[in-house]
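Notes follow the structure.
Just so it is clear, none of the values below were taken in a lab; they were calculated from the coordinates. Note that the structure is predicted; figures quoted are calculated from it, not measured. Using ideal geometry, Cβ is built from the backbone for each residue, glycine included, and neighbour counts are taken over all protein chains shown.
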Amino acid sequence: MSLILLLALVLPPAVTGDWVARHVQDRDTGRDSRATLQLTLYDRHGRARERTLTLLSKRGTGEQPGDRILTRFSYPDDIKGTSFLVWEHADSEDERFLYLPSLGRVRRIAGSEAQESFVGTDFSYEDIGGREFDDYTYTLLDEHASWRSPEGKVYPAYRLESKRKQPNAKYPRVVSIITKDTFVVVAADVLNRRNEQEKTYAVKRLASVQDIWTVLEAEMSNRLERTRTTLAIQKIEYNVGLKDEAFSRRALEAGAR
């Protein structure tokens, strides 16, 4: 056996930004999942509004290679039935659809709108529906970073910079903290076109559910608008056996009705 081949077998792969980002994307999230979430929106005066929604997700398979995500609001009445569907594609732009029951129609969310507010919250459409891996370039800023959990435990982590390839992106740069043992994004600074830290993401509770690391509570705050949105998972189940039909445009509208 040659020395080069022997070294290739012994030495670990080089840790790069792309390597970390790919592990974040490919980490185990089950074959599918069904969750009930509560969003709480706080305005600049601290006044709160609550929203409840369900979130269905399904990993891509050989027959259907792209992941699927469907969210549907159930509370309050003025937003009940509003639904958001994502079809991810491995070799083309993801498709996003928003169903507004007040208008009785489906609106396609263009890729240029992916960083816009998700139904009035501080989260964006791509925060909820996932980012396209190839829309960003990745740089590993620190291989020896750390993250202190709300409970005070310190975890080894990576610090990763993600830059949007789209030149006029609303948020061209994100700097994330990713735990090494779980590859979960646990904190992030979201910078705008003026290179200001406009939004901050923070995980408040991380736990293993059915042996899958799950963000149970998180917060996205906007420093410039002085608003914030908290997300709390009330219930989640993995590997429940969801079918592709649950993520069709027909299901998007029928479930809302």
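Going toward the positive end of the dipole of the chain, with +1 on Lys and Arg Cβ and -1 on Asp and Glu Cβ, which of VAL203, THR40, ALA157 do you reach last?
Going by the charge dipole, the pick is THR40.
Sorting LEU141, LEU56, LEU70, LEU216 on the 10 Å Cβ count, fewest up front, what's the list?
LEU141, LEU216, LEU56, LEU70
Using r as the Cβ-Cβ distance of ARG105 and ARG226, and R0 as 45 Å, what FRET efficiency do you calculate, to the nearest 0.05? Display every interim value, and only then the final one.
Values: r = 34 Å, r/R0 = 0.75.
The value I calculate is 0.85.
So what are the ³J(HN,Hα) numbers for the range 228-238, from phi and the Karplus equation (6.51, -1.76, 1.60; θ = phi - 60°), rounded to whole Hz, Gly and Pro as x?
Rounded to whole hertz, the list is 8, 10, 9, 10, 10, 7, 7, 7, 8, 10, 10.
Relative to a virtual label point 7 Å from the Cα of ARG31 in the Cα→beta-carbon direction, which members of the range 45-67 show backbone nitrogen distances below 18 Å?
Label zone hits: 56-67.
Quick one: what does P(r) look like for the chain with 5 Å bins over all Cα pairs, in whole %?
Result returned by the calculation: 1, 5, 12, 16, 19, 19, 14, 7, 4, 2, 1, 1, 0, 0.
Rounded if a/c is under 1.5, else prolate if a/b is larger than b/c, else oblate: which is the range 134-186, with a ≥ b ≥ c the root eigenvalues of its Cα gyration tensor?
Because a/c hits 1.5 or more and a/b exceeds b/c, the range 134-186 counts as prolate.
Amide H of ILE109 versus every other amide H placed in the peptide plane: which residues, excluding those fewer than 5 positions away on the same chain, fall under 5 Å?
Amide H neighbours of ILE109: ARG96, PHE97, LEU98.
Which one of PRO76, VAL86, TYR171 has its Cα pushed farthest toward the positive end of the charge dipole of the chain, where Lys and Arg give +1 and Asp and Glu give -1 at the Cβ?
The listed residue farthest towards the positive side: PRO76.
Near ASP181, within a Cβ-to-Cβ distance under 13 Å, what is the net charge of the other residues, with Lys and Arg +1 and Asp and Glu -1?
+2
Residue-wise, which Karplus ³J(HN,Hα) couplings in Hz belong to the range 159-167, taking 6.51 cos²θ - 1.76 cosθ + 1.60, θ = phi - 60°, and x for glycine or proline?
10, 10, 9, 10, 10, 6, 6, 5, x
Per residue of the chain, what 222 nm ellipticity follows from adding -39500 (n - 2.57) for every DSSP H run with n ≥ 4, rounded to the nearest 500?
Taking each H run of at least 4 residues, the total per residue is -3000 deg cm²/dmol.
Give, rounded to the nearest 20 debye, the magnitude of the charge dipole that the range 29-256 has about its Cα centre when Lys and Arg contribute +1 at Cβ and Asp and Glu contribute -1 at Cβ. Mind dumping the intermediate values first?
Values: 37 positive and 36 negative charges, 124 e Å.
In debye, rounded to 20, the range 29-256 gives about 600.
In nm, give the distance between the simple-model label positions of GLU245 and TYR75, each being 7 Å from the Cα along the Cα-to-Cβ direction.
Result for the modelled spin labels: 3.0 nm.
Looking at the chain as a GNM with Cα springs under 10 Å, which of VAL174, VAL15, VAL190 has the largest mean-square fluctuation?
Sorting by GNM fluctuation, first place goes to VAL15.
Over 21 Å between C-alpha atoms is what I'm after, so list which of LYS153/LYS199; LYS58/LYS235; LYS58/LYS80; LYS153/LYS180 land there.
Check vs 21 Å cut-off fails for LYS153/LYS199; LYS58/LYS80.
Tell me, what ³J(HN,Hα) does each residue in the range 144-156 have, in order and in whole Hz, if you take phi through Karplus 6.51 cos²θ - 1.76 cosθ + 1.60 with θ = phi - 60° and put x for Gly and Pro?
10, 7, 8, 9, 9, 5, x, 7, x, 7, 9, 10, x
Please return the longest range in the chain lying between exposed loop sites, taking GluC sites (Glu not before Pro), DSSP loop only, at most 14 other beta-carbon atoms within 10 Å, and leaving the sites out.
By the stated rule (loop sites, at most 14 other Cβ atoms within 10 Å), 1-62.
What's the extension gain from ARG194 to ALA14 if we count 0.36 nm per residue and subtract their Cα-Cα distance?
The ARG194-ALA14 span can extend by a further 61.5 nm.
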